[in-house]
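Reviewing the structure listed below.
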């Protein structure tokens, strides 16, 4: 099985909280995770021409395609257990509108949720999910 990879800001408390949220609801073991600050991110995302130093978004690498911002979040939600796949219905809203809201949250994430000095260290129970 080819896993989809979620790249996230490893020092952002909102982002690491989101990763923990996804892990709990990833019953089909679809996702693997890597911090945007990692060498793994550079290896996987470099061929797509993404400058990691300029990214302040979540990125989903799924079936050889890269998705960012609200599109990534909604595509992730589509695979989670519970009612979360219903959020995928928001894909009917144009991306520029969805991303406007996403960008407003992304700009304020450190101020509201804070940040860590270093990337999250996964516990032994979830270490296999991280690249």
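The values are calculated or read from the model by the stated rules, or taken from the named source; none is laboratory data. No experiment lies behind these values; they were computed from the predicted model shown. So basically every Cβ, Gly included, is an ideal-geometry build from the backbone, and we count neighbours across all protein chains shown.
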**Study point:** Filtered residue count, segment 25-42, keeping only those that are more than 30 Å from residue 82 (Cα to Cα) and in a strand (DSSP E or B)
**Key:** 0
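Can you confirm whether residue 70 is closer than 18 Å to residue 101 by Cβ, out of contact with any strand residue (DSSP E or B) (no Cβ under 8 Å at 6 or more places or on another chain) and buried (at least 17 other Cβ atoms within 10 Å of the Cβ)?
Considered against the rule, which asks whether it is closer than 18 Å to residue 101 by Cβ, out of contact with any strand residue (DSSP E or B) (no Cβ under 8 Å at 6 or more places or on another chain) and buried (at least 17 other Cβ atoms within 10 Å of the Cβ), residue 70 comes out as yes.
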**Study point:** Candidate set from segment 19-30 (those that are closer than 23 Å to residue 98 by Cα and surrounded by 18 or more Cβ atoms within 10 Å (Cβ to Cβ)); member that is modelled with the highest pLDDT
**Key:** 22
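Residues checked against (1) under 25 Å from residue 114 (Cβ atoms); (2) at pLDDT below 95:
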| site | (1), (2) |
| --- | --- |
| 4 | no, no |
| 36 | yes, yes |
| 49 | no, yes |
| 61 | no, no |
| 96 | no, no |
| 102 | yes, yes |
Review point. Within segment 89-111, which residues are closer than 19 Å to residue 6 by Cα and either touching a residue at least 40 places away in the same chain (Cβ under 8 Å) or under 15 Å from the mean Cα position of the chain (by Cα) (or both)?
Key: 99, 102, 103, 105, 106, 109
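So that you can scan it fast, the table gives a plain yes or no per residue for (1) in a loop (DSSP other than H, G, I, E, B); (2) within 16 Å of residue 15 (Cβ to Cβ); (3) touching a helix residue (DSSP H, G or I) at 6+ places or on another chain (Cβ under 9 Å):
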residue: 44; (1), (2), (3): no, no, no
residue: 66; (1), (2), (3): no, no, yes
residue: 76; (1), (2), (3): no, yes, yes
residue: 82; (1), (2), (3): yes, no, yes
residue: 87; (1), (2), (3): no, no, yes
residue: 98; (1), (2), (3): no, no, yes
residue: 112; (1), (2), (3): no, yes, yes
residue: 124; (1), (2), (3): yes, no, no
Check your understanding: Filter segment 46-64 for residues that are in a helix (DSSP H, G or I) and touching a helix residue (DSSP H, G or I) at 6+ places or on another chain (Cβ under 9 Å); which is farthest from residue 123 (Cα to Cα)?
Key -> 46
**Study point:** Failed criterion for residue 22 (all others in (1) over 16 Å from residue 3 (Cα atoms); (2) under 11 Å from the mean Cα position of the chain (by Cα); (3) assigned to a helix (DSSP H, G or I) hold)
**Key:** (1)
Study note, to complete from the structure: Within segment 6-19, restricting to residues that are in contact with a strand residue (DSSP E or B) (Cβ under 6 Å, 6 or more places away or on another chain) and assigned to a loop (DSSP other than H, G, I, E, B), the one that is nearest to residue 114 (Cα to Cα) is 11
Practice item. Would you please name the residue that is farthest from the chain's Cα centre (by Cα), looking only at residues in segment 42-65 that are crowded, with 20+ Cβ neighbours inside 10 Å and under 19 Å from residue 110 (Cβ atoms)? Key: 57
